[in-house]
Amino acid sequence: MSKAKSEEYTRSGVNIDAADQLIDRIKPLAESTRIAGAVGSIGGFGGVFDLVKAGYPEGSPRLVSGTDGVGTKLKVAFMTGIHDTIGVDCVAMCVNDILAVGARPLFFLDYFATGKLEPGVGEKVVAGIAEGCRQANCWLLGGETAEMPGMYEAGEYDLAGFVVGAVTDETELRPTSTAAGDVVIGVPSSGLHSNGFSLARRVLFSLVGHTVNDRVPGDDRTLGRRLLEPTRIYVRLFESLRQSGVPVRALAHITGGGLWENPQRSITPDLAVHLDIDALRSMRQPLFTYISQSGKVSESEMYRVFNMGVGLTIVVPAADASATIRALEAFGETGARIIGRLEKRTDAAVHIAGVSESVIAG
């Protein structure tokens, strides 16, 4: 757990510390269901199942599964009436997680629940899911549509996704591959992605009083369109890195918990992630600064709630850092940069030296 607190996020109705406590409580329950083939435990980016250990033929791949939702980003879709991008987010949140295990996504299922089914809205949502699956090179296998009168406000719905992928001994990313001295490279996000929206909505709409049609200073897009920018899907980028021969040792998808919580999930417990605040600040998009200043949210807390412009972290040997940046540039990713390194752990799992406990400066 990080030292960064999330007081403003808690005031917005989301308690990250309570979520951490719940995970600790349910781990024994999940452990009690273990069967042959189960690998690891809950809390990772994806659940791994070894088919060989479950009795399937030698050489069978390991399956990797993940599930996630879109969170209160859905509220912005309801406010704007724009429903054809939110499905991309649903796919992205799932497939980017299993990338952290090195998995290739195979198929995807969705769960769409609403109080009163509106076929036109449902079609737009699923069109976004299909677009996300195309970007991730995976099959939209099916899903569940549930109409539940009385469960949701008129015009609202919930959305969740489930993905299954596969890895082999050669392709699986394991924390044990990481070592002190490795370099951490940050890959840009497209914005907020799908985390921190309870705080963003509280600041932008409740405290400041913006509407989704407003434009914040320095932005030529409406606030609604900016907030609904789909989460980036990194599947093809990662495949391109693999084909380049770069020895990727670890990936972390930067979601809830931000940069204080996620990078440590992809390394061994004896290592710590040391992040360069100047490099991080150079990747921060203007909307994050605006939220911090408008809501009086400290820089430190912002890095626990939001991705702050870093959607993915990649760990490689220091000797391969330049080659990795070149490979990313060859793919078309020009914003990636070195943001930190791994060191032997002596206290906290993540260090962001120089991060401010004050509001982000202009």
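Brief remarks follow.
- Among the strands (runs of 3 or more DSSP E) confined to the stretch 131-203, the ones with at least 1 residues that are within 17 Å of the chain's Cα centre (by Cα) are located at 157-167, 183-188.
- The C-beta contact set for the stretch 347-362 (first residue under 10 Å from Arg281 (Cβ atoms), second residue assigned to a loop (DSSP other than H, G, I, E, B) and modelled with pLDDT of 95 or more, distance under 7 angstrom, 6+ apart or interchain) is empty.
- Among residues that are surrounded by 15 or more Cβ atoms within 10 Å (Cβ to Cβ) and in a strand (DSSP E or B), Val212 is not included.
A quick yes/no check of all residues on (1) buried (at least 20 other Cβ atoms within 10 Å of the Cβ); (2) within 15 Å of the chain's Cα centre (by Cα); (3) free of Cβ contacts under 8 Å to residues at least 12 places away in the same chain:
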site: Gly55; (1), (2), (3): no, no, no
site: Gly69; (1), (2), (3): no, yes, no
site: Met79; (1), (2), (3): no, no, no
site: Asp89; (1), (2), (3): yes, yes, no
site: Val95; (1), (2), (3): yes, yes, no
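- Single residue of Leu207, Leu192, Leu159, Leu227 found to be of a type outside the set (Lys, Arg), touching a residue at least 24 places away in the same chain (Cβ under 8 Å) and under 28 Å from Ala349 (Cβ atoms): Leu192
- When Asp158, Asp182 are checked against the criterion of being at pLDDT 95 or above, assigned by TED's automatic domain parsing to the domain that holds Leu280 and surrounded by 15 or more Cβ atoms within 10 Å (Cβ to Cβ), Asp182 stands alone in meeting it.
The values are calculated or read from the model by the stated rules, or taken from the named source; none is laboratory data. From a predicted model like this one, the values you see are computed outputs, not experimental measurements. Here Cβ is always computed from backbone atoms with ideal geometry, including for glycine, and neighbour counts include all displayed protein chains.
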